[in-house]
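The block underneath contains the structure these notes are about, expressed in structure tokens.
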Amino acid sequence: MAPKFEKAKAVEKEHAVVDGVDVSGHWNRMFEQRVIFEYTPELIEKIADIPNAESFANCYQCAKCVAVCPVDVVGNYGPRKLYRYAQTGMDLTEAPELWLCTTCANCLRVCPKEVNMVKIMPAAREQAILDGKFVPAELQQAFENTAKSGNPLGQPQRKRDAWIQSAGVPVPIIKDLGRKVSVLWYVGSYPSYHPRGIDAAAAAARIFNALGIDFAILGKEEKDDADSQRLAGEKGLFEMMTEQNIETFNKYEWDEMVVTGPHELNAFKNVYPKYGFERPVVHYSTFLARYLDQLKPMLKHPVNKKITYHDPCYLGRHNGEYEAPRKLLEAIPGVELVEMQRNRENGYCCGGGGGGMWMDSFTAKHNTTMRLSEKRAMEAASTGANVLAVACPFEVSRFTDAVKSTGNEHVDVLDILELLDRSMRGE
Amino acid sequence: MSNDILVITEHMDGKFSDVSFEMVGKAKELASALGGQAVAVVVGGGVSSNVFASDSTIHIDDAALSNFNPEAYGKVIEALVKEKSPKVVMFGWTVTGMDVAAWLSARTGAPLAAYAKDVRVEGGSLVVSSQAYGGKLMAEVAPEGDMAIVACLAGSFPVEAGQGSTAGTTMASPVDAGSLKVKFVEAIKPAGGDVDITAQAKLVSIGRGIGGKENVELAEELAKALGATVSASRPVVDAGWLPRTRQVGKSGLKVKPKLYLMLGISGAPEHLEGMKSAELIIAVNTDKKAPIFNVAHYGATADLFEVAEAMLELL
Amino acid sequence: MNIVVAIKHIPSIADDLPVKGNNVDFDSVDFVLNEWDEHSIEQAVLIKESVGGTVTVIGVDLIGELDNALHLALAKGADKVVKITADDPAADSHMQAKWLSEAIKGMGANMVFAGVQASNDLDGQIGPMIAAYLDMPYIGGVSSVEANGDSATVNKEFAGGAGAKYAVSMPFVAGVQSAPKPPRYAPVSKVRQMAQSATVEKVAPSGDADVRERPLRILKMAPPVVTGHAEMIEGSSKEVAAKIVELLKSKGLA
Ligand SMILES: Cc1cc2nc3c(=O)[nH]c(=O)nc-3n(C[C@H](O)[C@H](O)[C@H](O)COP(=O)(O)OP(=O)(O)OC[C@H]3O[C@@H](n4cnc5c(N)ncnc54)[C@H](O)[C@@H]3O)c2cc1C
Ligand SMILES: Cc1cc2nc3c(=O)[nH]c(=O)nc-3n(C[C@H](O)[C@H](O)[C@H](O)COP(=O)(O)OP(=O)(O)OC[C@H]3O[C@@H](n4cnc5c(N)ncnc54)[C@H](O)[C@@H]3O)c2cc1C
Ligand code: SF4
Ligand code: SF4
């Protein structure tokens with residue numbers, strides 16, 4: 001499955017002279033003359049010239065990245081390969097390859113040259129968008145939905161807090177409360193609107209109530225964090241949403257923000273400071289792990305399951321949280337926790353990051369044998385687990401789909417919140 | 001120069017539109033105040049022109065002009081205006097009149113008063129009341145100079161006053177059809193297949209206030225609970241949130257249901273044209289000054305979503 | 001294909017329109033792009049995408065705030081933007097049409113698009129007037145334009161979904177009522193980029209001497225005198241809903 005572009009013609013030379021020095025090596029040739037290829041560096045420079053994408057040019061082709069790139073596992077990818085493709089004629093801003101990277105950051109972890117796809121990809125994608133190049137239609141729709149409706153699903157803003165009804169416990173809205181709270185819970189778009197996301201949101205509401213946490217949500221004032229839209233290239237949209245969100249966040253008094261999703265964590269904790277917002281933000285797993293002592297006696301009902309946990313890239317690699325989710329799972333009586341082969345720092349990406357969430361059909365068609373979520377679902381099944389536990393709202397929908405499409409329906413996909421809730425209430 | 005008033009009538013499929021009669025009626029009134037004649041002008045063949053209460057009728061009875069053609073109609077009317085030097089030329093502010101009125105104004109230098117709701121003679125000069133800014137303001141305007149062009153909103157005057165019979169003088173078209181740059185190719189028939197909103201007794205009609213496609217569902221639920229059908233203003237259709245078959249108004253369908261429940265529609269003249277004669281009009285709009293409240297029987301200054309959701313709970 | 005789109009910046013009718021003297025109090029209103037202009041820009045870009053060419057968007061800058069609309073047009077695919085620096089919020093359609101025609105004259109346009117109407121077209125729309133001043137044919141109420149060589153197939157809408165197809169030779173002016181597709185999304189990144197980098201060509205207004213002579217004189221402007229007013233249902237949304245339901249039930253409509 002070769003990428004679809006025409007290779008630049010390599011020029012074979014007998015002698016190569018660089019800056020006046022003959023580097024052909026004919027003076028120490030042992031057997032016969034080497035073939036010397038000359039490539040045009042233009043298409044590499046084109047990317048490296050984009051602000052924030054400079055490190056693309058650092059690559060020295062060692063290939064450590066390819067070994068860990070989740071897209072390469074199901075296809076032909078990784079920074080090294082992209083560099084090589086560019087060297088041989090691929091204009092990344094026009095190629096389907098531009099949209100395959102999930103910004104999972106596994107390559108960055110191993111790259112000796114700090115080639116940083118988490119910065120390169122958003123910059124190159126933004127360039128493609130600015131130049132009016134091809135942008136997958138599903139992704140465009142998500143951008144447009146976010147700009148118009150405040151969430152990528154295109155759901156009505158006024159229904160953002162409709163999920164509360166299914167919680168069965170009070171979920172105060174900070175505006176109505178009219179006082180300071182210790183925890184502002186940013187629910188997120190998928191937990192607010194996606195049916196499987198709502199299950200997790202309702203579970204979280206019940207857990208917070210049981211722990212007696214003084215919390216409130218933003219309700220109809222909450223809007224998408226747009227971090228994945230930024231990574232997919234729509235920085236302008238991200239900035240627009242950021243301005244609105246910071247204004248909303250600062251309208252109210254609270255001590256700490258708890259987010260349901262790792263992408264929101266990344267946005268508010270790592271990116272918003274650049275826009276003047278520096279307040280404490282934690283993922284729910286980190287937050288709940290602090291309450292383990294109080295939580296344990298409440299987890300009365302055993303969940304007799306063999307569970308494997310999927311590390312979300314934006315919780316693990318991007319934000320260094322590997323243990324809290326595992327501690328929460330281990331606190332549930334009856335649970336047998338097993339690890340997949342790729343875990344923690346080397347966790348395999350579900351394919352939803354960097355805008356992949358809204359390119360599911362597009363990426364599935366380009367030089368890949370299966371979706372990343374499907375690959376991961378198979379890995380989960382191969383551990384013998386009957387539950388795939390997740391901690392990111394993108395993943396519930398992705399894996400629920402993937403276990404079915406790979407014939408692993410016997411594996412239940414559940415958010416850690418749902419598992420804790422089950423153990424608390426019994427089911 | 002004369003004190004005559006030329007009324008440019010309009011017809012389609014052999015029938016004159018109501019606005020043609022409305023203008024003829026009004027022109028008679030104005031002509032008597034100005035000391036001139038009300039002249040009905042019929043452009044095109046395939047229609048009997050002996051239906052107006054005008055003082056006289058001029059029929060440019062040319063089969064080549066039977067289908068509306070903005071360029072040809074403009075040229076015919078320009079030539080006629082040159083020949084007759086009328087005091088006033090009246091057009092309907094309609095999908096056809098709109099194509100010619102402003103063009104004629106620019107060609108002849110005569111001022112145009114558009115969106116006219118009323119025309120009268122004050123101290124020998126013409127004063128026009130026009131509906132500006134989507135009906136939010138009314139403007140009293142006075143066209144200066146020898147000739148004025150007035151483009152009237154449909155439904156502004158009674159139809160009956162213009163109905164009658166006056167045998168027409170037939171005229172040949174001064175325009176060479178072969179030299180036209182705009183050529184009529186074929187008629188486009190309305191697409192069928194969807195519900196016929198003109199046949200519904202109850203309509204829940206939504207406007208731009210509905211905010212987005214994702215909210216249309218709410219209107220559909222409410223309509224279902226009421227045994228009604230969802231219709232809409234033009235922006236909703238243009239945005240692709242509902243099919244064209246659901247559009248009420250000037251360029252949509254004219255409806256006359258027993259109930260017309262309006263959610264987030266401002267009441268622009270083009271919309272009113274399509275629903276004014278509904279038996280019971282109830283409007284919900286957050287803007288207490290929305291023009292629709294001057295037309296609706298009942299109104300409420302409220303958020304449509306809150307009202308619709310609360311109604312759903314009660315139904 | 002060389003397409004020029006003439007746009008109109010108009011007072012927003014989303015809010016109250018305060019009156020000062022015999023006209024709108026232009027200092028206390030927001031100006032927005034005429035909604036039909038969004039459709040004419042979309043139509044122009046669609047044609048450019050199908051047969052190639054350039055799209056130039058031009059408008060009269062009445063209050064010095066037209067740039068936003070022009071940047072948005074660039075983000076949506078316009079190639080060039082021009083503003084006529086008039087700084088006269090009360091300029092009527094005749095004046096704007098004159099200024100626009102003078103500026104468009106030398107552009108070699110094959111097609112000129114304008115929004116079919118604007119809510120402040122008291123003295124007529126700019127589209128047909130530009131056509132008259134440039135001696136081009138005009139067709140309004142347009143719902144699609146397809147370019148084929150030196151003529152175009154133009155659909156015009158009548159009422160109730162009926163319409164007609166016309167063949168129009170270039171150059172011509174069209175008053176666009178709706179584009180075949182809803183106006184596209186312009187990436188916010190792109191709009192912001194345009195705001196930083198694009199050049200807006202400036203043209204001084206000229207050629208309006210003759211239209212100033214015989215204007216449409218505005219005697220008075222005021223909110224409509226209410227002849228009939230809806231009976232207003234007061235109360236909270238819940239109370240309003242209850243009263244509407246009650247009303248419908250009493251009339252056998254619910
Ligand atoms: C990011 C993302 C995007 C997605 N986008 C799309 C999308 O665009 N479109 C899409 O469709 N999905 C999409 N999905 C997948 C979606 O989540 C569901 O997995 C998918 O729609 C399920 O398809 P299904 O109903 O055919 O299969 P299943 O959910 O497996 O359902 C099969 C059904 O068939 C019934 N059935 C089985 N045998 C018979 C029989 N003999 N007679 C009658 N009934 C029978 C079963 O009871 C079951 O209800 C997406 C998922 C993700 C994560
Ligand atoms: C040649 C031509 C033909 C036309 N034909 C038609 C036609 O056939 N039909 C037609 O409808 N239009 C037609 N128009 C368009 C017409 O001029 C108006 O633009 C259109 O009717 C306005 O639609 P609207 O009332 O939905 O939108 P707007 O005028 O934008 O009004 C929206 C209203 O919703 C209210 N609102 C907003 N949010 C809420 C909320 N949450 N709760 C309650 N209220 C809310 C606002 O206060 C506002 O009054 C035509 C125009 C032209 C030029
Ligand atoms: S690990 Fe870094 S240097 Fe090595 S091939 Fe990959 S990108 Fe290039
Ligand atoms: S960030 Fe992840 S998906 Fe992207 S190239 Fe690196 S390893 Fe592959």
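Hey, among A:K296, A:K251, A:K220, A:K274, which residue is over 24 Å from the mean Cα position of the chain (by Cα) and either under 30 Å from A:V135 (Cα atoms) or at pLDDT below 95 (or both)?
Of A:K296, A:K251, A:K220, A:K274, the one residue that is over 24 Å from the mean Cα position of the chain (by Cα) and either under 30 Å from A:V135 (Cα atoms) or at pLDDT below 95 (or both) is A:K220.
Quickly run through region C:164-179 and pick out the residues that are within 7 Å of chain B (Cβ to nearest Cβ), out of contact with any helix residue (DSSP H, G or I) (no Cβ under 8 Å at 6 or more places or on another chain) and over 29 Å from B:V236 (Cβ atoms).
C:A167, C:V168, C:S169
Within region A:330-427, which strands (runs of 3 or more DSSP E) (wholly inside it) include 3 or more residues that are within 14 Å of chain C (Cβ to nearest Cβ), polar (S, T, N, Q) and within 16 Å of ligand 2 (Cβ to nearest atom)? Before the answer, list the steps.
Values: elements: A:336-338, A:387-390, A:412-415.
Per the criteria, no element qualifies.
Do you know which of the residues in region B:200-217 that are farther than 12 Å from B:S233 by Cα and assigned to a loop (DSSP other than H, G, I, E, B) is nearest to ligand 3 (Cβ to nearest atom)?
The extreme case among them is B:G212.
Among the listed residues A:P191, A:P195, identify the single one that is away from chain C (no Cβ under 14 Å), without any contact (Cβ under 8 Å) to a residue 12 or more places away in the chain and under 23 Å from the mean Cα position of the chain (by Cα). I'd like the intermediate steps shown before the answer.
Working: A:P191 fails: without any contact (Cβ under 8 Å) to a residue 12 or more places away in the chain.
Result of the check over A:P191, A:P195: A:P195.
Select the strands (runs of 3 or more DSSP E) contained entirely in region B:36-107, then report the ones holding at least 3 residues which are away from chain C (no Cβ under 14 Å). Walk me through how you get there before you give the answer.
On the way: elements: B:38-43, B:56-60, B:88-92.
Where strands (runs of 3 or more DSSP E) fall fully within region B:36-107 and carry at least 3 residues being away from chain C (no Cβ under 14 Å), they are B:38-43, B:56-60.
Please indicate, with yes or no, whether at least one residue in region B:288-299 is more than 16 Å from ligand 4 (Cβ to nearest atom) and under 14 Å from the mean Cα position of the chain (by Cα). Before the answer, list the steps.
Keep residues of region B:288-299 that are more than 16 Å from ligand 4 (Cβ to nearest atom), which gives B:288-299.
Imposing the further condition that a residue be under 14 Å from the mean Cα position of the chain (by Cα) reduces the set to none.
Within region B:288-299, not a single residue is more than 16 Å from ligand 4 (Cβ to nearest atom) and under 14 Å from the mean Cα position of the chain (by Cα).
Conditions first: (1) under 27 Å from the mean Cα position of the chain (by Cα); (2) in the same structural domain as A:G261 (by TED's automatic domain parsing). A:K148 passes all but one, so which condition is the exception?
Every condition holds for A:K148 apart from (2).
Within region A:88-98, is even one residue within 16 Å of ligand 3 (Cβ to nearest atom) and either within 18 Å of the chain's Cα centre (by Cα) or in the same structural domain as A:L184 (by TED's automatic domain parsing) (or both)?
Looking only at region A:88-98, we keep the residues that are within 16 Å of ligand 3 (Cβ to nearest atom), and these are A:88, A:90, A:92, A:97.
Then drop every residue that is not either within 18 Å of the chain's Cα centre (by Cα) or in the same structural domain as A:L184 (by TED's automatic domain parsing) (or both), which leaves A:97.
Within region A:88-98 (the criterion being within 16 Å of ligand 3 (Cβ to nearest atom) and either within 18 Å of the chain's Cα centre (by Cα) or in the same structural domain as A:L184 (by TED's automatic domain parsing) (or both)), the answer is yes, since at least one residue qualifies.
Looking only at region B:266-280, filter to residues that are buried (at least 23 other Cβ atoms within 10 Å of the Cβ), outside any helix (DSSP H, G or I) and facing chain C (nearest Cβ under 9 Å); which one of those is farthest from ligand 4 (Cβ to nearest atom)?
B:A268
So for region C:70-82 (the condition being touching a strand residue (DSSP E or B) at 6+ places or on another chain (Cβ under 7 Å) and within 14 Å of chain B (Cβ to nearest Cβ)), does at least one residue qualify? Outline the logic, then answer.
Step one: filter region C:70-82 for residues touching a strand residue (DSSP E or B) at 6+ places or on another chain (Cβ under 7 Å), giving C:70, C:73-74, C:77-82.
Filter again for within 14 Å of chain B (Cβ to nearest Cβ), leaving none.
The answer is no, given that none of the residues of region C:70-82 is touching a strand residue (DSSP E or B) at 6+ places or on another chain (Cβ under 7 Å) and within 14 Å of chain B (Cβ to nearest Cβ).
Scan region A:99-122 residue by residue and report those that are over 13 Å from A:H318 (Cα atoms) and within 16 Å of ligand 3 (Cβ to nearest atom).
Residues of region A:99-122 that are over 13 Å from A:H318 (Cα atoms), as a first pass: A:99-101, A:110-115, A:120-122.
A:L100, A:C101, A:V110, A:C111, A:P112, A:K113, A:E114, A:V115, A:I120, A:M121, listed by residue number.
Against the definition (away from ligand 2 (no atom under 16 Å from the Cβ), closer than 21 Å to A:K365 by Cβ and either touching a residue at least 60 places away in the same chain (Cβ under 8 Å) or within 14 Å of chain C (Cβ to nearest Cβ) (or both)), how does A:P122 come out, yes or no?
On the way: away from ligand 2 (no atom under 16 Å from the Cβ): yes; closer than 21 Å to A:K365 by Cβ: no; either touching a residue at least 60 places away in the same chain (Cβ under 8 Å) or within 14 Å of chain C (Cβ to nearest Cβ) (or both): yes.
The answer is no for A:P122.
Working carefully through the options C:A114, C:A109, C:A147, find the one that is within 19 Å of the chain's Cα centre (by Cα) and closer than 22 Å to B:N69 by Cα. Full working, then the answer.
On the way: C:A109 fails: closer than 22 Å to B:N69 by Cα; C:A147 fails: within 19 Å of the chain's Cα centre (by Cα).
Matching residue, one of C:A114, C:A109, C:A147: C:A114.
Testing C:M107 on (1) surrounded by fewer than 19 Cβ atoms within 10 Å (Cβ to Cβ); (2) touching a helix residue (DSSP H, G or I) at 6+ places or on another chain (Cβ under 6 Å), one condition comes back false. Which one is that?
(2)
The values are calculated or read from the model by the stated rules, or taken from the named source; none is laboratory data. Owing to the predicted nature of the structure, the values given are computational and were not obtained by experimental measurement. Positions of Cβ are generated from backbone atoms using ideal geometry, with glycine treated the same way; all protein chains shown enter the neighbour counts.
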